[in-house]
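My structure is below; once you've seen it, I'll send some questions.
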Amino acid sequence: MDHSRTIVHIDLDCFYAQVEELKNTELKTLPFGVQQQNFVITSNYIAREYGIKKCMLISEAKKLCPNLILVRGEDLHDYRQISYKVTSLLQKYSHLVERLGLDENFIDVSKLVSERLQNGAEISIVGNIFGDISSLCDCGCSDRLKVGTEIAQDMREQIKNELNLTCCAGIAHNKLLAKLIGSKHKPDNQTVIFPNSAVELMLSLNNLSKIPSIGLALGKQLSNMNIKSVSDLQESDFLKIKKLLGPEKAKTVYDLSFGIDPSPVKSSGKPQSIGIEDACKSISAEKEVKEKLKQLLNRLLILVAEDGRIPKTVKLTVRKFDKNNKVSTRETRQCNINTSLFDIKSLSKLSESNENKLMTTIMRLFTKIVKTDKPYLITLLGLAFTKFLEKPNEKNSTLTNFLIKDIEVQSVTNIENLTFSNTTPDILPSTSYVENPEAEPEPSPKKCKFSNLIAKKRFFKEQDDCASPSKLKVAELRLNSTEKPTDTNQNICCPPNANKEVFQELPKDIQQELWEEYKQSRDTDRACSSNLKKSKPNSILNYLVKH
Ligand code: DGT
Ligand code: MG
């Protein structure tokens, strides 16, 4: 059995309630709940002492605790923002951080554990232990998990000190056990489980639905086979489950019942899309739709500014109510947008004309969904950005990129102008519309290639020494350049057109890096150059479009 990993699961205590307490510290000493519609979706731990449970009806909760204070929690903005702060903080411990909902994170700390073990520091267990530790496995997992408890403690302390939030941690050699064990001691606590106690923990679950991967539907399927508890599953005839679920799913489910879970912690990175939606009281006029969408856009831009990436695609969601058939349907449409609409330094605010352009785009999407010449009833509108350009330099932190920071910033906004303005409308042809796509953020090849050309301008001084060469000029200069080695010490040359004096001031390793980068880009450029020679005049545009 593989016990090589160390996984920490962090779950914030009464998350929405803690965020509300940050906004209003007076709530800390009072029983209060967060309300969405007619439900208390969570409450602080003082309220829980009265028996208030998650998703309890307000009326029921008030009976249990007449003094219960209720805070509206429909607007998720603050919860989302704090949630990302927690994830960012955890990303300092490992690049493998997987978000689960807004208040849970899995962190694979295996690498950090092995580093700490190599340092030879004394190991101690922090927090609670589940099960018997008199005969632990001798594969090394015991020490690794002990170090895991120290790391979990560090994380929790940091979350408390920097964000003023408490949380619970579970430490185990897989995700399933880490998640399950973390909730054994709540709030503001942590628990570790060693592999020898995995089966005991699984058997302690009072029903199958407590296993995170077994949802309602699967639980029902198993229940139909008279498999109702974890022990039923452990003792069941594997062939029968295989017949019902297929070999892969059957093995997964069967393994889970023994606490076996090989699933990796998948790095979540930034969210794939940033969006908001609002249910509304039946809108039936285009003017009202536009007004509502404008409000949504302005709220959405605040989220975009917090995220820091530049939107490339906008998605509109509309829920329509069909009076005749008494059914609601949701439809979405999305299209590319011109990234030059955004001011990179102030993403939360569009200029009036750019806001109008974007609104025109959004309204065109609207008319793709709703036939505005016929009566309609809209009950929900949503806006999201689903593809993004990274802000320059966040992705690539090579020395050259560092040196050319300001020029690259300029290039990001200009690329789109060069490539698309005046020729491509904000909305692409209808073939590019997609229904419900789960768009992945993707790098912009155009940006990379073009900005690399521009980038070198800063470091590699042009032969002509033009004060402000056009991008075409810079590109041509780069493509036509040939290096004349001036310093052959350790095979490092000062790249041609570079400022030799500056170059010689640099440490050797940095000189080497620049030289290597230059050589690489030269080879790429030469390949491009031969293509360019074959192309028509105004070749930089062709070059960009081609790539
Ligand atoms: P905990 O972890 O038991 O101390 O309490 P919470 O409040 O952190 O609960 P958790 O971790 O299950 O969920 C995190 C947040 O998600 C919670 O503060 C409110 C929200 N939430 C939980 N369950 C529901 C639900 O069924 N519906 C809605 N709309 N939100 C929920
Ligand atoms: Mg929680």
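So, in segment 85-121, how many residues would count as being part of a loop (DSSP other than H, G, I, E, B) and either surrounded by 14 or more Cβ atoms within 10 Å (Cβ to Cβ) or among the small types (Gly, Ala, Ser) (or both)?
10
Going by what's in this entry, would Ser43 be described as within 14 Å of ligand 2 (Cβ to nearest atom), on the phi < 0 side of the Ramachandran plot and small (Gly, Ala, Ser)?
yes
Another question, then. When segment 156-208 is examined, which residues are found to be within 16 Å of ligand 1 (Cβ to nearest atom), part of a loop (DSSP other than H, G, I, E, B) and farther than 12 Å from Ile129 by Cα?
Asn164, Leu165, Thr166, Ser183, Lys186, Pro187, Asp188 - these are the residues of segment 156-208 that are within 16 Å of ligand 1 (Cβ to nearest atom), part of a loop (DSSP other than H, G, I, E, B) and farther than 12 Å from Ile129 by Cα.
How many residues does segment 1-38 hold that are at positive phi and in contact with a Ser or Thr (Cβ under 7 Å, 6 or more places away or on another chain)?
Here the count works out to 1.
Considering only segment 60-84, how many residues are away from ligand 1 (no atom under 16 Å from the Cβ) and either open to solvent by 70 Å² or more (accessible area, probe 1.4 Å) or within 18 Å of Gly269 (Cβ to Cβ) (or both)?
Of the residues in that region, 5 qualify.
Which of the residues spanning segment 285-328 are at pLDDT below 90 and either open to solvent by less than 10 Å² (accessible area, probe 1.4 Å) or not in a helix (DSSP H, G or I) (or both)?
Within segment 285-328, Gly308, Asp322, Lys323, Asn324, Asn325, Lys326, Val327, Ser328 meet the criteria.
Report every pair of residues separated by at least 6 positions or lying on different chains whose Cβ atoms are under 7 Å apart, first residue within segment 292-306 and not assigned by TED's automatic domain parsing to the domain that holds Asp343, second open to solvent by 40 Å² or more (accessible area, probe 1.4 Å) and part of a helix (DSSP H, G or I).
Correct list of pairs: empty, since none qualify.
Out of the residues in segment 36-59 that are closer than 17 Å to Val19 by Cβ and in a loop (DSSP other than H, G, I, E, B), which is farthest from ligand 1 (Cβ to nearest atom)?
That would be Asn44.
Moving to a separate point now. Limited to segment 233-244, what total is found for residues that are over 38 Å from the mean Cα position of the chain (by Cα) and open to solvent by 30 Å² or more (accessible area, probe 1.4 Å)?
4
Another question, if that's okay. Test Asn128 against the criterion of being more than 30 Å from the chain's Cα centre (by Cα) and modelled with pLDDT under 95, and give yes or no.
So Asn128 does not fit the description; no.
Kindly indicate whether any position in segment 7-21 is among the β-branched types (Val, Ile, Thr), away from ligand 2 (no atom under 14 Å from the Cβ) and closer than 27 Å to Lys175 by Cβ.
yes
To continue, here is another question. Out of curiosity, is Ser268 in contact with an Asp or Glu (Cβ under 6 Å, 6 or more places away or on another chain), under 30 Å from Asn174 (Cβ atoms) and either open to solvent by less than 60 Å² (accessible area, probe 1.4 Å) or in a helix (DSSP H, G or I) (or both)?
In short, yes.
Quick one: in segment 122-144, which of the residues that are within 29 Å of Thr42 (Cα to Cα) and either in a loop (DSSP other than H, G, I, E, B) or of a type outside the set (S, T, N, Q) (or both) is nearest to ligand 1 (Cβ to nearest atom)?
In this case the residue turns out to be Gly127.
Could you count how many residues in segment 344-368 are within 27 Å of Glu331 (Cα to Cα) and either touching a Phe, Trp or Tyr at 6+ places or on another chain (Cβ under 9 Å) or in a helix (DSSP H, G or I) (or both)?
Of the residues in segment 344-368, 16 are within 27 Å of Glu331 (Cα to Cα) and either touching a Phe, Trp or Tyr at 6+ places or on another chain (Cβ under 9 Å) or in a helix (DSSP H, G or I) (or both).
Follow-up. Name the pairs whose Cβ atoms lie under 6 Å apart, with the first residue in segment 10-30 and within 22 Å of Val97 (Cβ to Cβ) and outside any strand (DSSP E or B), the second near ligand 1 (Cβ under 6 Å from one of its atoms) and among the aromatic types (Phe, Trp, Tyr), and 6 or more positions between them or separate chains?
none
The values are calculated or read from the model by the stated rules, or taken from the named source; none is laboratory data. As the structure is a computational prediction, the values presented were derived from the model and not from experiment. Positions of Cβ are generated from backbone atoms using ideal geometry, with glycine treated the same way; all protein chains shown enter the neighbour counts. Surface areas here come from the heavy atoms of the whole protein model, side chains and all, with no ligands, DNA or RNA. Shrake-Rupley method; radii C 1.70, N 1.55, O 1.52, S 1.80 Å.
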